[in-house]
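The next block holds one structure in the form of structure tokens; read it before the comments.
The values are calculated or read from the model by the stated rules, or taken from the named source; none is laboratory data. Because the structure is predicted, anything quoted here is derived from the model rather than measured. So basically every Cβ, Gly included, is an ideal-geometry build from the backbone, and we count neighbours across all protein chains shown. These accessible areas exclude ligands, DNA and RNA; they are computed on the full protein's heavy atoms, side chains included. Shrake-Rupley method; radii C 1.70, N 1.55, O 1.52, S 1.80 Å.
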Amino acid sequence: MGEMDHGGEIDEALYSRQLYVMGHEAQKRMATARVLVVGMTGIGVEIAKNIVLAGVREVVILDDTPVSMPDLASQFYLSESYCGVVSRAEASWKQLSSLNPYVKISKVSGKDSLVAHLEEVAVVVSVDQPLSFDLMADARCRERDIKFIATSSIGLFGRIFNDFGQDFVVLDADGEECKYVMIAAVTSGSPPVVTCLDEHRHGFQTGDFVKFSEVLGMEELNGIPPVQIVVTGPYTFTLKDIDISSFSDYIRGGVASQVKMPKKISFKSLEDSLKEPDMIVSDFAKFDRLSTVHASFRGFEGFVKSRPDGIPPRPGNSEDAESFSAYLVSQNLIEDTNIIKSVSDCFARTSQGSLSPMAAVIGGVAGQEVLKAISGKFMPIMQYFYFDCTEALPEPPPSEEDCRPQNCRYDGQIMIFGASFQEKISQLNYFLVGAGAIGCEMLKNWAMMGVGAKKGKIVVTDMDRIEKSNLSRQFLFRDSDIGKPKSLAAAHAAKQMNPELIIEAFLDRVGPETESVFDDKFWESLSGVCNALDNIQARLYVDQRCVYFRKSLLESGTLGTKGNVQIIVPHLTESYGSSRDPPEKSIPICTLKNFPYQIEHTIQWARDYFEGTFRTSFDDVNVFLDNPDQFVEDTRKSGPGATISKLEAIYDALLVDRPTSADDCFSWARNTFENLFSSSIKQLIHTFPHDMLDSHGIPFWSGTKRAPSPIQFDPNDATHMDFIVSAASLRAVNFGVQISQSDMSRLPQILESTMVSEFVPKVGLKIATTDAEAQALSEVPGAESDETRIGEILSQLKSHLEEMPKNLVPIEFEKDDDTNHHVDFVTSCSNLRAMNYSIEPADRHRTKRIAGKIIPAIATTTAFVTGLVCIELYKLIKLGYTDRPSERIMADSRSFPSVSLPSPDADKEKEKLLSVLKNGFANLALPFFGFSEPVAAPKREMSKECRWTIWDRFEIEPGHDMTLQEFLDLFEVVYHLQIVLISCGVSILYSSFVPSKKLQERLPMTMSSIAETVGKFQLSPQQNYLILEVCCSDETGADVEVPYIRYRFRY
């Protein structure tokens, strides 16, 4: 079993996104592993789900405990019908088995006979078991060199413990691609100093290992084993423990490449670590409570046994909580001076509860630790990880009566937050934008929490359909769902988990074009919005709508093992769009065209060539054939050079190189090979010879400029033939030509008979060496000969219009179809280009990721991130930010300017609110966890008495459609501001400098009629508001920055 198919190969269609996280070698190791999970509670099923999706060979589950009602709050594969009838393992087995056809799911009984179940097991995961069992299990595992993980959640607290033995080897600590940098100088002193090229930061860290290649002069460096380095600056580093004084003098060039070296680490046993625990900090703001949390987990089992009735502390009971804190001190588990009683009390009063979001957080992290133990990929947790979310608990804490179980599926949650809090959850009306990986996990959590159940509603929308590559991380989908709309399938699956859920699915994109679907009434009815999107543009649009309608927004994202969470709250925090990541650094065009030095450059070049040759040019052909004169007229706007280029491409496609058979397609591919990888390179060398010096006497081919060499076609070279076959196949699709198996068998003869033109250098051809030169060349005015050439080509094309084929097929690049030759073409084309420039080629897998801009993804990170998001949702409910307008009790929804008067008390209250919320970032590979308060909404000053934020606006609702004169007077009388300019969208409706006559005509007009006549707006019958921007000045004439205006013109 495992993720290998019957031929022993990894199913890349299923695991494509995960392979970019784990890599092929780690994936293969996972395919041989057998994992035992003891405990099918919420965390247990979360871990099992994550590692099944990841593709281990076998997961064995053990849990003989009968299903009980509180289990349903966090265990998503249970239902009321299972309560008291079957064990948790029995209830979960079938559902887990349906997740991944390559993974075997087994169930065993009898945790007291654990040793009998350890045969061929690589990792044992103990979930929510007593400490005494964990101690025994860890000891048995250490005896057999089996990795052991203990994890549990108690109320608002979670724990993970790792013991991977005394000699665990980490093969790749961070999972990042190895860095490399081009060298400018190497000294032979002690220690040797390596300097990088200007503007090329090396990105290395002290302790990294590097190897050298392509060094000229000091060639001895090229053959030495990897050397450890010490970073001395962003462009320099020294070599550690090596003497190169006897090496030859450095001349120029060279590449230093990072090498990942195995690292051996040693773990203490659980018994040894209890008294001297090694912990990683999950939240530095809570660093002081770690000892209290550790003591609480350590002492919980003993405290329960010490009680006369032998039961855990009663939910919400203050007396039991105080007894627990006293017990920890009395047993010397923590000193009286070190215990934080508010933490240990909270631990006790919530200890009988269980939360789906906590299970997702702990299960996501623990699932990744299982994969680390199997594969050696990424650095494990050393050795304890503690997490809590005590800020989510209502203030004051719910009473014992409120926390009393109701014999319902939410009892695990009620025993923490209380029944009244559960009632608020059931009334939520939430909008989930996206039903992909994050969306599926979110719906699972919301189903367990009861979001909108019975009294509210969940609305989910996603325009995408399910593909096979989704199944390894979007766990609500199965093979039978492929091709179905994501939103409908996800909504159905969530409803299966909790039949009480009220959920409505849409297939619409959220954007300006669907504002009639998601209209004002829809947005105003929401309790809040949750994004589960994978692109910036959509996120920004939803963010803008949330700011406008003053709705909280839960924002999150993942990238491989990295994940982030951002909370946006009306009148409190900045918005998502308030801060932006810097744009990706683009590759200079001249680098792509003539001077590549990284494989990313050749892949981008190949991808661009695909786009231009197989899609854009055929779009142009079809447009031209539809209306030749209009095409030329439109193209002329780009200049004569662009017009000639496009017409020549059309001329070549329709008259010169138009194939009518498979032989023609193969011949075209062979000539294209010659042009791209031989003739064009020969021309470049002719223009810039290998021994050429620049104006400063420095070799032209130095620094980042790698001297190219032409390639001679070899039919016995696999890469050469991959290019021929893929290029010919794509060309055949463009023209509707069929290539049969018989044609493929004749390929060697076809290539041998193909006439290939001899290279003749073009004398005087100018080739730009920088983007500035290229821009200057493109701006050279066209000569009369250009117009003549345009006329000649157009005349010849028009004379053959009747015989030309119609409806040629432009090809859209599709990365996930392995039979369409798209990725094959880009891979072979890129690697041939890399051979031209002596660049290390990339395999198909890496090329596919870069060319397809694939975002690496894995289920563990997604589970972790959505758990964090749902914990923040608890906090928004607690603070009142999910109350709809008629219910809102704390969130300030009043309109500008009354809310903006400075108040120290108000500022302190907002600081207190911010301290409850947490933005988060994590990298499960390192592992690293960082949490911080959300950034407060920046304030802008309108006057000394009045400040405003992005959440404020002028609400103008006069009861009738005002005239322009009334509108201007209102601002002058009420706000003491003189309006200088009014705009709506991109249209200026009023400005103080328009001619007096025109102004006098507009002053009596209503605002809506001005919008229609001056702004050319078409106001629909459903539209009641205009969004206006104004420029104002105060009574002194000074400019004043003011918020926008929402003006109501219809009642």
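Some points to look at:
- Computed lengthening from Ser330 to Thr660, 0.36 nm per intervening residue step minus Cα-Cα distance: 109.7 nm
- Selection from Gly253, Ile265, Met279 lying farthest towards where the dipole of region 232-326 points positive, charges on Cβ: Gly253
- Relative contact order %, the chain, counting alpha carbon pairs below 8 Å whose residues are six or more apart: 12 percent
- Computed over region 953-1048: relative contact order in percent, which uses C-alpha pairs under 8 Å that are six or more apart: 39 percent
- Extension gain for the segment Asp145 to Glu214, taken as residue separation times 0.36 nm less the Cα-Cα distance, is 20.5 nm to one decimal.
- A Cβ-based charge dipole, computed about the Cα centre of region 180-259 with Lys and Arg at +1 and Asp and Glu at -1, lands at about 160 debye.
- 222 nm mean residue ellipticity, helices alone, for the chain (DSSP H n ≥ 4; -39,500 (n - 2.57); rounded to 500): -11000 deg cm²/dmol
- For region 417-423, Karplus couplings with θ = phi - 60° (6.51, -1.76, 1.60), whole Hz, Gly/Pro x: 9, x, 5, 5, 5, 4, 4
- Ordering Ala326, Trp948, Ile311 by the projection of their Cα atoms onto the charge dipole of the chain, which places +1 on the Cβ of Lys and Arg and -1 on the Cβ of Asp and Glu, puts Ile311 at the extreme positive end.
- For Tyr990, residues with placed amide H under 5 Å, excluding near neighbours: Ile982
- Stokes-Einstein diffusion for region 912-967 at 20 °C, viscosity 1.002 mPa s, with a Kirkwood radius from C-alpha pairs, works out to 135 µm²/s.
- Kirkwood-based shape ratio for the chain, expressed as Rg/Rh from alpha carbons: 1.01
- Calculated from backbone phi, Karplus (6.51, -1.76, 1.60) coupling profile of region 93-101 in Hz, x at Gly/Pro: 4, 5, 5, 4, 5, 7, 6, 8, x
- Remark on region 953-1048: ratio of C-alpha radius of gyration to 2.2 N^0.38 Å is 1.03.
- Pairs from the list Lys49/Lys372; Lys457/Lys484; Lys28/Lys104; Lys646/Lys798 with a Cα-Cα gap above 18 Å: Lys457/Lys484.
- Each eigenvalue of the Cα gyration tensor of region 717-870, multiplied by 5 and square-rooted, gives one semi-axis; in descending order these are 37, 27, 21 Å.
- Solvent exposure, largest accessible area first (probe 1.4 Å, DNA, RNA and ligands not counted), of His200, His686: His686, His200
- Inter-label distance, nm, simple model (7 Å from Cα along the C-beta direction), Lys997/Asp717: 7.7 nm
- Averaging Cα coordinates gives a centre for region 713-751 and one for region 39-100; these two points are 51 Å apart.
- For the residue pairs Lys551/Lys908; Lys275/Lys908; Lys468/Lys585; Lys94/Lys264, alpha carbon separations beyond 29 Å are given by Lys275/Lys908; Lys468/Lys585; Lys94/Lys264.
- Each part reduced to its alpha carbon centroid, region 588-638 and region 432-482 end up 39 Å apart.
- When you count the other C-beta atoms within 10 angstrom of each residue and take the mean per peptide, 135-144, 243-252, 532-541, 468-477 line up highest first as 468-477, 135-144, 532-541, 243-252.
- Region 555-575 residues near the modelled Arg201 label - backbone nitrogen below 19 Å, point 7 Å along Cα→Cβ: none
- Charge tally around Glu933: other residues with Cβ under 9 Å, Lys/Arg +1 each, Asp/Glu -1 each, net 0.
- Within region 953-1048, percent of DSSP bridges classed antiparallel, to nearest 5: 85 percent
- Interchain or long-range residues, amide H under 5 Å from Val86's placed H: Val67
- When the surface is traced with a 1.4 Å probe over the full set of protein chains, His492 keeps roughly 120 Å² accessible.
- 3J(HN,Hα) couplings calculated from phi for region 372-385 with the Karplus curve 6.51 cos²θ - 1.76 cosθ + 1.60 (θ = phi - 60°) are, in sequence order, 5, 4, 6, 9, x, 8, 5, 7, x, 5, 10, 10, 10, 10 Hz; Gly and Pro show x.
- Shape of region 528-616, Cα gyration tensor, a/c cut at 1.5: prolate
- Extension gain, Asp771 to Asp626: 0.36 nm times the residue separation minus the Cα-Cα distance gives 48.7 nm.
- Entries of Lys424/Lys910; Lys705/Lys848; Lys444/Lys486 with Cα pairs more than 20 Å apart: Lys424/Lys910; Lys705/Lys848
- Remark: the Cα gyration tensor places region 180-259 in the rounded category, a/c being less than 1.5.
- Inter-label distance for Lys179 and Ser132, nm, one decimal - labels placed 7 Å from Cα along Cα-to-Cβ: 5.2 nm
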